Every structure is written in C-alpha cells, then in structure tokens.
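Novice: Can you keep this structure in mind? I'll have questions shortly.
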Amino acid sequence: MRSLIAACGIGWCVSVAQAGDAASTFDAFCAEWMGKLAARERHNVSHIKWDTRPEGVKGEYVGYTTEHTCVLKDSAKVPVGKIVYREVRYEKRGGTISEAEHSTAQAVEVTEVTEIFRYSGGKWVY
C-alpha cells in the first residue's frame, strides 16, 4: 500500500506522491512538447505565403531548434516545469515558387523562449 504524506501551508496541500508523479513524468512531457513544436514547424513550412515580386519570390515561416533544456522545480506547493528553446524566423527565396520551396532556409531572427508549466490534477498544464 502506498502511503501519502502531505505538505501543507495556508490554503494549500500537495502530496509527496503528486510531486513524485510530476518528476517522473516531466521528461516525457518535455519530449512531447518539443514534438508538438516540430509538428507546428512542418505545418508552417507547408503553409508558407509566398510574396512574388519582379526580383523573385520570398516566403517566411517560424521554426524551432531541437536544442532545449527541461528543468523541474519540485516545490512543496506546486511542481513547476520550465522548457527553454529557440524560435527561429526563417526565410526562403528563389526565382520562382518552386525554386524558393527547394531553397535552403536562412535564419532571419532567433528568439529564446521560456515556457513555464505547472503540475495539477495529475498532469502538466499549459
């Protein structure tokens, strides 16, 4: 039988089991989150709006680096997870849409993103 010990303060309680569950599931949640970003990038690439001008075609999309960090702060009150990654605005160019689609994307802008999540009701909330 699993014993449940609670840590309590004014207006809150969290069981040690809940905190343990948060810690054991955060790495999987982090990997799933990064997978969602990869899927979003694939969607963005497939839906580029092309700007056709006399000098050629240009299109932009948002993508994400695969490098990231996942940090869990297992506080007594509410477990909190933090994922840090980079969001990149890419540009593709070419003489025609087909050429632009097959060109190598060039990074135009890079932004570091920090996402913060809390563990509540047995799952990570976003």
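FYI, it's all coordinate maths here, none of it is from the lab. Everything numeric in this text was worked out from a predicted model, so none of it was measured. Reconstructed Cβ throughout: ideal geometry from the backbone, glycine too, with neighbour counts over all protein chains shown.
Novice: For region 24-67, which residues satisfy the criterion of being within 20 Å of the chain's Cα centre (by Cα), over 16 Å from VAL84 (Cα atoms) and of a type outside the set (A, V, I, L, M)?
Specialist: Of everything in region 24-67, those that are within 20 Å of the chain's Cα centre (by Cα), over 16 Å from VAL84 (Cα atoms) and of a type outside the set (A, V, I, L, M) turn out to be SER24, THR25, ARG40, GLU41, ARG42, HIS43, ASN44, SER46, HIS47, GLU60, TYR61.
Novice: Just name the residue that is surrounded by the fewest Cβ atoms within 10 Å (Cβ to Cβ) out of those in region 71-126 that are in a strand (DSSP E or B) and of a type in the set (Asp, Glu).
Specialist: GLU112
Novice: Six or more apart or on different chains, Cβ atoms under 8 Å: show the pairs whose first residue is in region 99-126 and closer than 14 Å to ALA23 by Cα and whose second is among the aliphatic types (A, V, I, L, M) and in a strand (DSSP E or B).
Specialist: PHE117/VAL80; PHE117/ILE83; PHE117/VAL125; ARG118/VAL80; ARG118/VAL125; TYR119/VAL80; TYR119/VAL125
Novice: List every residue pair whose Cβ atoms sit under 8 Å apart, with the two residues 6 or more apart in sequence or on different chains, where the first one lies in region 35-51 and is in contact (Cβ under 8 Å) with a residue 60 or more places away in the chain and the second, anywhere, is assigned to a helix (DSSP H, G or I) and loosely packed, with under 13 Cβ neighbours inside 10 Å.
Specialist: Here the result reads none, with nothing in region 35-51 linked to a residue that is assigned to a helix (DSSP H, G or I) and loosely packed, with under 13 Cβ neighbours inside 10 Å.
Novice: Follow-up. Please verify whether PRO54 is surrounded by fewer than 15 Cβ atoms within 10 Å (Cβ to Cβ), out of contact with any Pro (no Cβ under 7 Å at 6 or more places or on another chain) and of a type outside the set (A, V, I, L, M), treating the condition exactly as stated.
Specialist: yes
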